[in-house]
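The next block holds one structure in the form of structure tokens; read it before the comments.
The values are calculated or read from the model by the stated rules, or taken from the named source; none is laboratory data. Note that this is a predicted model, so its numbers are computed, not measured. Using ideal geometry, Cβ is built from the backbone for each residue, glycine included, and neighbour counts are taken over all protein chains shown.
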Amino acid sequence: GNSVTQMEGPVTLSEEAFLTINCTYTATGYPSLFWYVQYPGEGLQLLLKATKADDKGSNKGFEATYRKETTSFHLEKGSVQVSDSAVYFCALSLFQGAQKLVFGQGTRLTINP
Amino acid sequence: DTGVSQDPRHKITKRGQNVTFRCDPISEHNRLYWYRQTLGQGPEFLTYFQNEAQLEKSRLLSDRFSAERPKGSFSTLEIQRTEQGDSAMYLCASIQTRNTGELFFGEGSRLTVL
């Protein structure tokens, strides 16, 4: 079947630290990959995406590279801010665009000043 | 464009009661999705509509669950004879499939079954 596994949380970092949140997937086809973010009290928002192998998605200083050989899509940011505190979800879709998503369990990130 | 709107935001009910959630998608979005999210987990797909047609239902959606999207605009998700295991956040999302764009999520309706 199709599934996404994220690193266990919660993750707590100091401001300006380097961030990595691991994500690996299993898929029966060739998926598109996504990172969604959920800020406190808000709905899920698309952070970035990649639709084919070796593509790099980027947004707001976050990056993730689609690695087909390791079935991974790890999220990275060079210098986190307090405002990055949120829950981050990795997801895949086997359909065009971000539809019928399969999500990981989420990783709660807290950044301390 | 006010985004995807869900109502109510929080519903507390007793076991055995029926509850209904409403979702208003972004206007002109032809596809609408329902997901369920339990504590500490990611959202899980429940069902989706293309305009007014319900095209797929997950095996998670028991016979006590029914969803509609009359006229292809807003959608309702009804849960009959609620059980404690139904306690979760119910998320609605919409997308315009003419674009290979983003799925927009509402803030969710949280159900607590006592």
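Worth pointing out:
- Residue in the stretch A:41-58 that is at pLDDT 95 or above, polar (S, T, N, Q) and under 28 Å from B:LEU55 (Cα atoms) present: no
- Filter result for A:ALA53 (more than 11 Å from chain B (Cβ to nearest Cβ) and aliphatic (A, V, I, L, M)): yes
- Residue check, A:THR110 closer than 28 Å to B:TYR90 by Cα, more than 11 Å from every other protein chain (Cβ to nearest Cβ) and part of a loop (DSSP other than H, G, I, E, B): no
- Residues being of a type outside the set (S, T, N, Q), in a strand (DSSP E or B) and under 25 Å from A:GLN81 (Cα atoms) - total across the stretch A:4-28: 5
- Tally of residues being closer than 23 Å to A:PHE103 by Cα and not in a strand (DSSP E or B) across the stretch B:1-21: 3
- Within the stretch A:1-50, tally of residues that are within 13 Å of chain B (Cβ to nearest Cβ), of a type in the set (Ser, Thr, Tyr) and over 20 Å from B:GLU102 (Cβ atoms): 2
- Among the residues of the stretch A:75-106, those identified as within 14 Å of chain B (Cβ to nearest Cβ), of a type in the set (A, V, I, L, M) and part of a loop (DSSP other than H, G, I, E, B) are A:LEU94, A:ALA98, A:LEU101.
- Test result for A:ASP84, buried (at least 16 other Cβ atoms within 10 Å of the Cβ), among the acidic types (Asp, Glu), over 24 Å from B:TYR33 (Cβ atoms) and at pLDDT 95 or above: yes
- Residue in the stretch B:70-77 that is out of contact with any Lys or Arg (no Cβ under 9 Å at 6 or more places or on another chain), loosely packed, with under 13 Cβ neighbours inside 10 Å and farther than 30 Å from A:GLU8 by Cβ present: yes
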